[in-house]
1. Within region 142-191, track down each residue that is within 15 Å of SER203 (Cβ to Cβ), within 16 Å of ligand 2 (Cβ to nearest atom) and not in a loop (DSSP other than H, G, I, E, B).
2. Take region 12-47 and flag every residue that is away from ligand 2 (no atom under 12 Å from the Cβ), surrounded by fewer than 21 Cβ atoms within 10 Å (Cβ to Cβ) and either farther than 19 Å from VAL206 by Cα or in contact (Cβ under 8 Å) with a residue 40 or more places away in the chain (or both).
3. Kindly evaluate LYS9 against the criterion of being among the basic types (Lys, Arg), within 28 Å of MET237 (Cα to Cα) and either within 16 Å of ligand 2 (Cβ to nearest atom) or crowded, with 21+ Cβ neighbours inside 10 Å (or both).
Amino acid sequence: MIQIRDLHKHFGDLHVLKGINLDVNKGEVLSIIGSSGSGKSTLLYCINGLETIQQGTVHINGTDVHAKNTDINKLRQKLGMVFQQWNSFPHLTTLENVALAPRIVKGKSKEEALELAAKQLKHVGLGDKLKNYPVSLSGGQQQRLAIARALAMEPEYMLFDEATSALDPEKVGEVLDTMRLLAEEGMTMICVTHEMSFAREVSDRVAYFHEGIMEEIGPPQQVFEDAQSEHTRKFLMNVR
Ligand code: ADP
Ligand code: MG
C-alpha cells in the first residue's frame, strides 16, 4: 500500500503541500480533484520520488521512498505513471516503444519483451496497431500507448496525471474506458482528473485538494453530494 504521513513540499518560499496524510490500499482507485496549482501533480511526483520532500514520509509497500538508502529506480518500477502528454519515440513502432523499458530496465529478452508489449497493446485496444508509428496514432491512441508502456513494466500501482486533459473531447472516452478497465481488473490507481463523471463512477474514494491541503476525502457519493468543506462545494459547483 501507499502510506503518506505529514507530507510537506516547498519550492523555495512556496509551500505547495501542507501536511498530507493519505493511505491508498491495494486495489483501491483514488481520484484527486482540485483547482490548478493546488498541488495535485506535485503529490504524484513526491509519491514516485521524482520530487524531494521537506517533511514527512511516503512509504510504498513499507519502503520509505525518500530515504537515502532506498533504491528509488527499483521502487519506481512498482509505479506506472501516465502524464497529460507522453512523447513516444517517433522512430520506433508502438510495439517497440512498449517493449523498450522491459528490455532495458528489466533486462528481459527481446522475445519476452515483444510478447509482453503485444499483450499490453491488446489490453488497451491497440492490438491492430503493433506495427504503426506513433505519428499515425490519434491523441487517444497515443495516451493508450502510454498506458500500455506503463503496464509493460508490470507495476503494482498506476498514477495518472490528467491523462485526458490534452485530448480532443471525442477522444477522452476511449482513454477513460481503458482506465476503467484497469480499475475493474483490480489495479491500484491514483488518478488526478478533471473528469468528474469518472471520479464519481470509477473511484472508491475522491480527494479534494485546495492550496496544498487535502480538504476532503471520502466515497464519491459523500464528496459529490455532501461535501464538508465550503471550498469543495464551490469547486464542484463550478466544474459541473
Ligand atoms: P496542480 O497539479 O494541482 O495544478 P502543481 O502540483 O503542478 O499543481 O503545482 C502546485 C504549485 O507548485 C503551483 O503553484 C506551481 O506553480 C508550483 N510548482 C510546481 N512545480 C514547481 C517547480 N518545479 N518549481 C517551482 N514551483 C513549482
Ligand atoms: Mg497538475
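1. Of everything in region 142-191, those that are within 15 Å of SER203 (Cβ to Cβ), within 16 Å of ligand 2 (Cβ to nearest atom) and not in a loop (DSSP other than H, G, I, E, B) turn out to be LEU159, PHE160, ILE190, CYS191.
2. GLY12, ASP13, LEU14, HIS15, LYS18, GLY19, ASN21, LEU22, ASN25, LYS26, GLY27, GLU28
3. no
All of the numbers you see were taken from the coordinates with simple rules; none came from a lab. From a predicted model like this one, the values you see are computed outputs, not experimental measurements. Heads up, the Cβs are rebuilt from the backbone with ideal geometry, glycines too, and the neighbour counts pull from every protein chain shown.
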